[in-house]
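**Student:** Structure provided below as structure tokens; questions to follow.
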Amino acid sequence: MTETPPPRRARAEIDLGALRANVRTLRARVAPHAQVMAVVKADAYGHGAIRCARAALDAGAAWLGTATPHEALALRAAGITEADARILCWLWTPGDPWAEGIEAGLDMTVSGMWALREVVEAARATGKRARVQLKGDTGLGRNGCQPADWPELVGEALKAESQGLLKVTGLWSHFACADEPGHPSIASQLDVFRTLLDYAEKAGVEPEVRHIANSPATLTLPETHFDLVRPGIAMYGVSPGPEVGTSADFGLRPVMSLKASIALVKHVPAGHGVSYGHHYVTEGETHLGLVPVGYADGIPRHASGRGPVLVGDKVRTVAGRVAMDQFVVDLGADTVEPGAEALLFGPGDRGEPTAQDWAEAADTIAYEIVTRIGARVPRVYVNG
């Protein structure tokens, strides 16, 4: 069989071997009784949800996590069955497909009374018991039930459970500042979470899993692991923040490498403007290399003039503005042939930049760098 050659313009190489190794490393950091949820929301942080979900399950993850129900249903439609993995989804809006979620055996997060009413109505319509996880807002201030409203939500959920309409399978929350070691909110949120757990369990809830640990908490806060941890960005080999430590500090390897092929190389004189606005002007005679990716592909325009790229054996810097489909690097006295590789980021083994380097160049976080790489850049899977 002839394999389709990798696309030449640009490609994001996804190392599934690295992802599996990362999952095993993360599993080794938690107590044997604590399960691992592989978070594959946002198309697995830009890496490809279906392939990454399967690789994570192969490596020992027991749960998958998504933000939207549509992401979760897509995993089921791709053939990931209830026997393969439990799937938790947490970002619901009124009118979302609760009935389809029940039919697909999803664990569905309820953060307020409107959601509980909708899931109960869907359970009655399908004639099947819903699996529900109650989420408390312990201080993040986003999704989740406020502690003052927790007794009502727990009480009504237990009433529905007694009627055979649902089963409360989990109790959970999310940290605001776990990526800032020592931040006072960490201890505060953990105290609130334990209070919410105590109330719910004394009221009669018998959860299968209790969980609050995201990537930084999984890596640095063993007291937060409870029954389940939810690594997201760490699973893809990217540190949740410089303050926490580097990927290498935790034995994790970046999974995505972003590559493009040089489209054009030309010799230009001194004083030549480069890209929109001429924010970069050549100081002397030089060679310019054209890299055929831009902000439509997810290359941050904020990294104009700063984004690092390995071309040949040197790290170059984006010359001038990143445009929609392309940007330029100044090669100086060097030259390469069209088709030569431009390596925007990867694990760093060859001295290439990392996603964190691009995050710093764009004044953002590495999560955004990998997640924003668009659909116009094909994913090419290696070590599958």
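The values are calculated or read from the model by the stated rules, or taken from the named source; none is laboratory data. What you see is a predicted model, and the numbers here were worked out from it, not measured in a lab. All Cβ positions, glycine included, derive from the backbone under ideal geometry; neighbour counts span all protein chains shown. What goes into the accessible areas is simple: the full protein's heavy atoms, side chains included, and nothing from ligands, DNA or RNA. Shrake-Rupley method; radii C 1.70, N 1.55, O 1.52, S 1.80 Å.
**Student:** Tell me, what ³J(HN,Hα) does each residue in the range 27-40 have, in order and in whole Hz, if you take phi through Karplus 6.51 cos²θ - 1.76 cosθ + 1.60 with θ = phi - 60° and put x for Gly and Pro?
**Tutor:** Along the range 27-40, the couplings run 4, 5, 8, 10, 4, x, 7, 8, 8, 10, 9, 7, 7, 10 Hz.
**Student:** Sort the range 108-149 into rounded, prolate or oblate with this rule: let a ≥ b ≥ c be the square roots of the eigenvalues of the Cα gyration tensor; rounded if a/c is under 1.5, and if a/c is not under 1.5, prolate when a/b is larger than b/c, oblate otherwise.
**Tutor:** Because a/c hits 1.5 or more and a/b exceeds b/c, the range 108-149 counts as prolate.
**Student:** I've got another one for you. For the range 47-160, what is the convex hull volume of the alpha-carbon atoms per residue, in Å³? If you can, show how the numbers build up before the last one.
**Tutor:** On the way: hull volume 13.2 nm³, N = 114.
Hull volume normalised by residue count: 116 Å³.
**Student:** Would you calculate the volume per residue, in Å³, of the smallest convex hull containing every Cα atom of the range 201-264? The partial results should precede the final answer.
**Tutor:** Working: hull volume 8.5 nm³, N = 64.
Hull volume normalised by residue count: 132 Å³.
**Student:** Loop only by DSSP, 14 or fewer other Cβ within 10 Å of the Cβ. Give me the chymotrypsin sites (Phe, Trp or Tyr not before Pro) in the range 157-233 that pass, ordered by residue number.
**Tutor:** Within the range 157-233, no chymotrypsin sites (Phe, Trp or Tyr not before Pro) qualify (loop, at most 14 other Cβ atoms within 10 Å).
**Student:** Exactly which trypsin sites (Lys or Arg not before Pro) in the range 141-195 are in a DSSP loop and have at most 13 other Cβ atoms within 10 Å?
**Tutor:** Counting only loop positions with at most 13 other Cβ atoms within 10 Å, the trypsin sites (Lys or Arg not before Pro) in the range 141-195 are Arg142.
**Student:** To the nearest Å, what is the center-to-center distance of the range 8-42 and the range 171-212, using C-alpha atoms only?
**Tutor:** Centre-to-centre (Cα) distance: 24 Å.
**Student:** Just the Cα atoms of the range 102-221: what Rg and Dmax do they give in Å?
**Tutor:** 14.8, 48
**Student:** Okay, next question. Taking a probe of 1.4 Å, how large is the accessible area per residue of the chain, in Å²?
**Tutor:** 42 Å²
**Student:** Taking each pair of distinct Cα atoms in the range 274-384 once, what is the resulting Kirkwood hydrodynamic radius in Å?
**Tutor:** Averaging 1/r across every pair of different Cα atoms and inverting gives 14.4 Å.
**Student:** In Å, the Kirkwood hydrodynamic radius of the range 16-62 over pairs of distinct alpha carbons?
**Tutor:** One over the average 1/r among Cα pairs gives 10.6 Å for the range 16-62.
**Student:** log₁₀ I(q)/I(0) of the range 141-181 at q = 0.16, 0.19, 0.33 Å⁻¹, via Debye over equal Cα point scatterers, no solvent, to two decimals?
**Tutor:** -0.54, -0.68, -1.14
**Student:** Two decimals is fine: what's Rg over Rh for the range 159-240, C-alpha atoms, Kirkwood radius as Rh?
**Tutor:** Rg/Rh for the range 159-240 comes to 1.05.
**Student:** Follow-up question, since we're still on this one. Given points 7 Å out from each Cα along the Cα-Cβ axis, report the His267 to Asp313 separation in nanometres with one decimal.
**Tutor:** Calculated label separation equals 2.3 nm.
**Student:** Kindly provide log₁₀ I(q)/I(0) values, in the same order as q = 0.07, 0.11, 0.13, 0.14 Å⁻¹, from the Debye equation applied to equal alpha-carbon scatterers of the chain.
**Tutor:** One equal scatterer on each Cα of the chain leads to -0.37, -0.81, -1.02, -1.13.
**Student:** Leaving out ligands, DNA and RNA, and with a 1.4 Å probe, what % of the accessible surface on the range 98-236 is carbon or sulfur?
**Tutor:** After summing per-atom areas, the C and S share lands at 48 percent.
**Student:** Next up: In Å and from the alpha-carbon atoms only, list the Rg and Dmax of the range 163-315.
**Tutor:** According to the Cα coordinates of the range 163-315, Rg and Dmax are 24.5, 80 Å.
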